[in-house]
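Down below is the structure, laid out as structure tokens.
Every read-out reported here was derived from the displayed coordinates using simple, explicitly stated rules and does not represent laboratory data. Quick caveat: nothing in here was measured; it's all calculated off a predicted structure. Because the Cβ atoms are built from the backbone with ideal geometry, glycine has one as well, and the counts that use them run over all protein chains shown.
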Amino acid sequence: MKKKALITGINGQDGSYLAEWLLANGYEVHGLVRSEAFAKPKERLNNILPVLDSIKLHVGDAHDSIYITQLISSIRPDEIYHLAANSFVSHALDAEPAIVEYNFNSTHYLLASIKAYHPSCRFYFAGSSEMFGAAENSPQNELTPFNPRSIYGISKMAGAILSKNYRRTHNLFTCNGILYNHESVRRGLSFVTRKITSSVAKIACGQLHELELGNLEAKRDWGYAPEYVEAMWLMLNQESPDDYVIATGKLHSVREIVECAFSCVNLDYQNYVKVNPAFHRANEAVSLVGDSSFAQQQLNWRPQKNIFSIIEEMVTHDIEAIKQEVVL
């Protein structure tokens, strides 16, 4: 009998890659999407179009406790991957208070439903390096204290602690994946890497003349999304549950990303990039870079594709997308 998996946020970058991975491994894949996604299907369902006929979509809200209870009771999945979240990152603590409510409550409803109706189900919670925030040390690992400084990071920390509590108190198989930035051609346009590659593509095609960015010296630990979703699956297929940092362990600046993207189209970024203080994000006093040694030892997982190869892939993809639109 096929294993069944439920993915919240299946239409996002990670959810779509995870769906493909699970299908390739013989799973029956169920996905939860909000009704708003069908209002703009080209934009919000585009990532899962290649597998739409192979998965079972459920339209609802992870923030609806009654719906979640009914969904888990009817599907009875072997694994749940909770990827859906409001992901606006701001250091203004009064910004978007609904982020905490949605991200925490959706996690709580899923865990409570598993405990009450299907305790054998394994649960993955999508944590974030934002939970470390103003970290005390670098690189960060599973023992590094959380110290978030954004509403998003606070909401993710609360969800991770709740997940761990259900593991300890109720003996559920819950895993927290503390994932650092991970990119791909499916990355949303609001993220800096995709903003850069899509803008470079437009500049190369004569549709744009300048790119506005904030702090070019800001550094991040960037990996490859398809590799990171494999790590999620590996976590839920171990003998016992645990938490894992998933990262490359290498820091690169926004300036390096920009230079790489423009070099893909043989242009000098200095002729096109304008620094806008409104987009400025200060550097961390302690760099956010992950130590994934534990995942490498326990999961036999290792990052493979470097950020420059990823950026090249993204620029090529974005140029091709523009050319197809022109042809159409």
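List of remarks:
- Residues with amide H under 5 Å from that of residue 4, placed H, sequence gap 5 or more: 28, 78, 79
- Alpha carbon Rg of the stretch 127-166, scaled by the compact-globule rule 2.2 N^0.38 Å: 1.08
- Whether the stretch 245-328 is rounded, prolate or oblate, judged on the alpha carbon gyration tensor where a/c under 1.5 counts as rounded: oblate
- Exposure proxy order (Cβ contacts within 10 Å, fewest to most) of 318, 268, 64, 53: 53, 268, 64, 318
- With the simple model of a label 7 Å out from the Cα in the direction of the Cβ, residue 70 to residue 53 spans 3.0 nm.
- Nitroxide proxy distance, nm - points 7 Å out along Cα→Cβ at residue 101 and residue 287: 4.0 nm
- For the stretch 1-68, fraction of C-alpha pairs farther apart than 15 Å, in %: 48 percent
- With N as its number of residues, the stretch 81-160 has a Cα radius of gyration that, divided by 2.2 N^0.38 Å, comes to 1.17.
- Reciprocal of mean inverse Cα separation for the chain (Kirkwood radius, Å): 20.5 Å
- In the stretch 121-265, the ratio of gyration radius to Kirkwood radius, Rg to Rh, stands at 1.04 when only Cα atoms are counted.
- Placing dummy labels 7 Å off each Cα toward the beta-carbon, the span from residue 251 to residue 210 is 3.0 nm.
- Pairs from 3/115; 164/219; 195/219 whose Cα-Cα separation, in the structure shown, is over 23 Å: 164/219
- Sorted largest first, the spans of the alpha carbon positions of the stretch 266-310 along the three principal axes are 46, 32, 12 Å.
- Per-residue extension of 0.36 nm, minus the Cα-Cα distance of residue 267 and residue 143, leaves a gain of 40.3 nm for this segment.
- From the largest down, the stretch 167-223 spans 58, 24, 15 angstrom on the principal axes of its Cα atoms.
- Between helix 192-204 and the chain there is an angle of about 40 degrees, using the helix long axis and the longest principal axis of the Cα atoms.
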